[in-house]
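Please read the structure below before turning to the comments.
The values are calculated or read from the model by the stated rules, or taken from the named source; none is laboratory data. Bear in mind that the values here come from a model prediction, so they are computed numbers and not experimental data. All Cβ positions, glycine included, derive from the backbone under ideal geometry; neighbour counts span all protein chains shown. These accessible areas exclude ligands, DNA and RNA; they are computed on the full protein's heavy atoms, side chains included. Shrake-Rupley method; radii C 1.70, N 1.55, O 1.52, S 1.80 Å.
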Amino acid sequence: MKEIVKQDGFNESEKYLADLCSKTFLSLWSYPNVYTDEGKKSDNSDGKELCDLLVVFNQHVIIFSDKDIGFKDTGNIEVNWGRWVKRAVLKSANQLYGAENWIRERSNRIYLDPKCKHKFPLNFPSTEVIKIHRIAVAKNATKRFSSIVQGSGSLIINPLITGDEHLKNPFMIGIPVPNKPYIHIFDDVALDVILNELDTISDFIDYLEKKEEFITSGKLISAAGEEDLLGHYLMSAKKDRAPRFYIEDDHKAVILEGQYESLIKLPQYHLGKEYDRISYFWDEFIEHFSRHALGGTLLYENKHLLSDATLGLQVMASEKRVARRILSSLILEKIKNTPPQKKAVRVMVSPTNPNHGYVWLILPIPPQAQSYEEYRHYRKEYLYIYCTSVKLLYPDLNIIIGVATEPRDGGGGEDMIYLDTNGWEASDFEQAEQDRKSYGVLLPENIQQFSGVEYQYPINDDKKLNSEKKSRTAIIAKKKKKSQKKARKLNRKRK
């Protein structure tokens, strides 16, 4: 695979956006400053920038327009606001619609660089399934607003304001262009809060879709700011329901200031954040493979597009934060409790998508292996048998991701398998059963099943929290020790 060189933003504002989005959406699916070949007349000329940042993931495309427009002080607040909102919001909206039209009609003419030499590396969703989300990042008004009124300075959301009506309504944001698809407008405060609180692509998109549905339904009269809208959304979650905007059919909502501040003062909120720490093991694993994919060092047997080579990572990245917490805890517990040079496996059903499953296999190098390459080949075959055997245990799973590693004291890399069983026939099940018996893996009499419930903002549970901290700390220490050992070996070679 070839190395993929991304832009990193042309100014500090764009670089900051790129860093935030890379953390939330992970680097494989987030691309700053992409271009089209519109207006390009020669090899030496530049194309036209499509948008400041583009995210492509499954059927979703997120377009960001970032405007770092200074908020001038002429002594007339309405004039100052009118000039700012015209450039930072209304102009940005039209650019977002232009980018959307290009993606829908000419997605094959999108590039990573101004000279249009390097094609955008991911497949865009087909026109039948594509879902486009538009985000205008409008900076520098919140500081001025907070100097006038107490509070964060976050812009007021008022859906009744449309188009040029914004010019006469200082510090209020509504619908930039009426009768067109919805645009989310994030000010300085909202950008940080939203991307840090909803730091998986599934959690983020869920919020965008439910917020858009809430506002376009006419049920929101106003919200004190984006962060308060988010606070209302997150606090609506109960043990038997996911977060959303629960408003009765004959009611409309006014979201008052302080919703987000009330949320982050709750002890359950802070405990949930503590529990989330272990979930970043999942993110780190995805990023480990992503760096190889972007660097052109991913070992992939077929010369397919990046989208095809990273299908397993895409499934893993679709997990929500709470789901990553559960999955990471299960894996780290298995790693911690598996003695060196012992085989172990953990089978998990996705908490986010019940049709997705995972196999995490720990397999030591067998004595009969003549080389490390032979061991890797043997490990991949063994992992494949485990994945097909999982299909026998859980017939409803249509996608199974397998990961194989050495025991915790080993120094090797990981292998990954993406198994799509949607097209399985009777012969596939028969072969899987034969392989399972031949290898003696996942036999029904040897299976132990676990179940439980995990909450985003849990009740106090010090015992569980301390256990997770110890597991995480132990794995980090092992990784650090392994990295230091590799560094010493490399230094000796150089000498």
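Taking all Cα pairs closer than 8 Å and separated by 6 or more residues, the relative contact order of the stretch 259-375 comes to 21 percent.
Among Pro366, Gln7, Tyr418, flag the residue with its Cα farthest along the positive direction of the charge dipole of the chain, charges on Cβ as +1 for Lys/Arg and -1 for Asp/Glu. After comparing all options, I get Pro366.
Taking label positions 7 Å along the Cα-Cβ direction at both Asp37 and Thr297, the computed distance is 3.2 nm, reported to one decimal. Between Glu78 and Lys238, the simple label model (points 7 Å from Cα in the Cβ direction) yields a spacing of 4.7 nm. If R0 is 30 Å, the Cβ-Cβ spacing of Asp164 and Glu105 corresponds to a FRET efficiency of close to 0.60.
Quickly estimate the mean residue ellipticity at 222 nm for the chain, helices only: each DSSP H run with n ≥ 4 gives -39500 (n - 2.57), and the total goes over all residues, rounded to 500. That comes out to -13500 deg cm²/dmol. 3J(HN,Hα) along the stretch 159-171, derived from phi through the Karplus expression 6.51 cos²θ - 1.76 cosθ + 1.60 where θ = phi - 60°, amounts to x, 6, 7, 9, x, 5, 4, 4, 5, 9, 10, x, 6 Hz, with x in place of Gly and Pro. Farthest toward the positive end of the dipole of the chain, out of Val347, Leu167, Tyr97, is the Cα of Val347, where the dipole comes from beta carbon charges about the Cα centre.
Remark: the stretch 110-223 carries a charge dipole of roughly 440 debye about the Cα centre, counting +1 on each Lys and Arg Cβ and -1 on each Asp and Glu Cβ. For Cα pairs less than 8 Å apart in space and 6+ apart in sequence, what is the mean separation divided by the residue count of the chain, i.e. the relative contact order in percent? Reported relative contact order: 12 percent.
For the pair Asn337 and Lys265, the difference between a 0.36 nm per residue extended length and the Cα-Cα distance amounts to 22.3 nm. If a/c stays under 1.5 just call it rounded; otherwise compare a/b with b/c (prolate if a/b is bigger, oblate if not). Do that for the stretch 1-41, with a ≥ b ≥ c from the square roots of the Cα gyration tensor eigenvalues. Oblate, since a/c reaches 1.5 and b/c is not below a/b.
Spatially, the stretch 53-114 and the stretch 11-37 are offset by 14 Å when compared through their Cα centroids. Using a simple spin-label model with pseudo-atoms 7 Å out from Cα toward Cβ, Lys273 and His251 lie 2.9 nm apart.
One decimal place: the segment Asn94-Lys437 gains 117.4 nm when fully extended, by the rule 0.36 nm per residue minus the C-alpha distance. For the chain, the solvent-accessible area works out to 51 Å² per residue, with a probe of 1.4 Å and every protein chain left in place.
Find me the longest stretch of the chain that has none of the exposed GluC sites (Glu not before Pro), where exposed means in a DSSP loop (not H, G, I, E or B) with at most 11 other Cβ atoms within 10 Å. Counting only loop sites that pass the neighbour cut-off, the longest clear stretch is 4-127. Computed from phi, the 3J(HN,Hα) profile of the stretch 417-423 under the Karplus parametrisation 6.51, -1.76, 1.60 (θ = phi - 60°) reads 10, 10, 10, 9, 9, 4, x Hz, with x in place of Gly and Pro.
Set against the 2.2 N^0.38 Å expectation for a compact globular protein, the stretch 22-84 has a Cα radius of gyration ratio of 1.63.
Taking amide H positions as modeled 1.01 Å from N, with prolines and chain starts lacking one, the residues under 5 Å from Ile161 and 5 or more places away or on another chain are Ile175. Note on the chain: dipole from Cβ charges, positive end direction compared against Pro458, Tyr378, Ser279; the farthest Cα belongs to Tyr378. About the centre of its Cα atoms, the chain shows a dipole size close to 2320 debye [charges on the beta carbon of Lys, Arg (+1) and Asp, Glu (-1) only; nearest 20 debye]. Here are some values of log10 I(q)/I(0) by the Debye sum over Cα atoms at q = 0.08, 0.09, 0.11, 0.13 Å⁻¹: (i) -0.45, -0.58, -0.90, -1.29; (ii) -0.58, -0.73, -1.05, -1.34; (iii) -0.52, -0.66, -0.95, -1.25. Which one was computed from this structure? Label of the calculated value: (ii). Ligands, DNA and RNA left out, the 1.4 Å accessible surface of the chain is 49% carbon and sulfur atoms. Rounded to the nearest 20 debye, the dipole size of the stretch 152-219 about its Cα centre is 380 debye, using +1 on the Cβ of Lys and Arg and -1 on the Cβ of Asp and Glu. Between amide H atoms placed 1.01 Å from N, distances below 5 Å from His118 occur with Leu112, Asp113, all of them 5 or more places distant or on a separate chain. Measuring against 26 Å, Cα to Cα, the residue pairs Lys67/Lys115; Lys180/Lys238; Lys48/Lys86; Lys210/Lys252; Lys72/Lys265; Lys117/Lys139 contain Lys180/Lys238; Lys72/Lys265; Lys117/Lys139 as the ones spanning a longer distance. The local environment of Arg324, defined by Cβ-Cβ distances under 9 Å, has a net charge of 0 under the rule Lys, Arg +1 and Asp, Glu -1.
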